[in-house]
Amino acid sequence: MTRHTVLRPLAAIALCGALVTGLQGCIGLAVGTAVVGTLAASDRRTLGAQTEDKTITVKGEARVASLVGGAGHVNVTSYNRKVLLTGEVRDEQMKAAVEREVSAIEGVQAVVNELAAMPSSSFAARSNDTLITSKVTASFVDSKEIFANSFKVVTERGTVYLMGRVTQREGNIATDIARGIGGVQKVVKVFDYITEEELRQMTTVPQKRTSGSSDAEAAPRSPS
């Protein structure tokens, strides 16, 4: 008897998100007898901002590696041209030097420096941080109140940093979810806030004009 593997809805959403990066969602994905509808507002950054973030991250990592060398462990995360620095460096002077170097990169609008002057974290600690990030992200996917792909999650020494273009309401919901994950020591918000009206505009799909309509019919007539 042939066995058929049926993907669960969450797994299908994750697969769709991985294959269609940058698109506004996956439409009409059939999963067994279930149908996963549109995953709206997957990334609220403009395409230009997404491209710049990738460039900033690559340049930042290269400059930091040259500056810090083996005297620290630094993560560079850019979201909507805001750069988050996490990890460990030798001393406060190096922490300030890393911030200056990253701030000088073209396109960077702000730097949030969360570097700690202390010995580099262990491989086990970093592995645990990766696990926490995965758990937080999975919990966002499970939530019906927020769009998981609108958030960027970074974890360092048990502290979870949340980035994204979100409303105050979404940010508070995401923060509460992250705080409930085992192993999370603290949650730090690094959001770019938008209004509920801006969110509605992002997620509203314009209605198509009927085939019989025309510009002349749609526009008000000029007085004769």
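Only one residue in Val184, Val102 is buried (at least 21 other Cβ atoms within 10 Å of the Cβ), in contact (Cβ under 8 Å) with a residue 12 or more places away in the chain and over 18 Å from the mean Cα position of the chain (by Cα). Which one?
Val102 is the lone residue from the list that is buried (at least 21 other Cβ atoms within 10 Å of the Cβ), in contact (Cβ under 8 Å) with a residue 12 or more places away in the chain and over 18 Å from the mean Cα position of the chain (by Cα).
Glu106 - would you say it is in a loop (DSSP other than H, G, I, E, B) and at pLDDT 95 or above?
Details: in a loop (DSSP other than H, G, I, E, B): yes; at pLDDT 95 or above: yes.
For Glu106, the condition - in a loop (DSSP other than H, G, I, E, B) and at pLDDT 95 or above - is met.
For the stretch 135-194, what are the residues that are over 25 Å from Phe123 (Cα atoms) and among the aliphatic types (A, V, I, L, M)?
Within the stretch 135-194, Val141, Ile146, Ala148, Val166, Ile173, Ala174, Ile177, Val190, Ile194 meet the criteria.
Please determine whether any residue of the stretch 87-103 is at pLDDT 95 or above, part of a loop (DSSP other than H, G, I, E, B) and not β-branched (Val, Ile, Thr).
Yes, some residue in the stretch 87-103 is at pLDDT 95 or above, part of a loop (DSSP other than H, G, I, E, B) and not β-branched (Val, Ile, Thr).
Restricting attention to the stretch 44-85, which residues are closer than 17 Å to Arg100 by Cβ, within 18 Å of the chain's Cα centre (by Cα) and of a type in the set (S, T, N, Q)?
Ser78
Just to verify a result, which residue in the stretch 66-86, among those that are hydrophobic (A, V, I, L, M, F, W, C) and surrounded by fewer than 20 Cβ atoms within 10 Å (Cβ to Cβ), is modelled with the highest pLDDT? Write out each step before concluding.
From the stretch 66-86, those hydrophobic (A, V, I, L, M, F, W, C) are 67-68, 71, 74, 76, 83-85; that's our starting set.
Next, only the ones that are surrounded by fewer than 20 Cβ atoms within 10 Å (Cβ to Cβ) stay: 67, 71.
On the way: Leu67: 97, Ala71: 93.
Across the stretch 66-86, the extreme among qualifying residues is Leu67.
How many residues does the stretch 155-181 contain that are assigned to a strand (DSSP E or B) and buried (at least 20 other Cβ atoms within 10 Å of the Cβ)?
Total meeting the criteria: 9.
Say whether the condition of being of a type in the set (D, E, K, R), surrounded by fewer than 16 Cβ atoms within 10 Å (Cβ to Cβ) and either assigned to a loop (DSSP other than H, G, I, E, B) or at pLDDT below 95 (or both) is met by at least one residue in the stretch 132-151.
Yes, the conditions are met somewhere in the stretch 132-151.
The values are calculated or read from the model by the stated rules, or taken from the named source; none is laboratory data. In this text the structure is predicted, and so the values were computed from the model without any measurement. Positions of Cβ are generated from backbone atoms using ideal geometry, with glycine treated the same way; all protein chains shown enter the neighbour counts.
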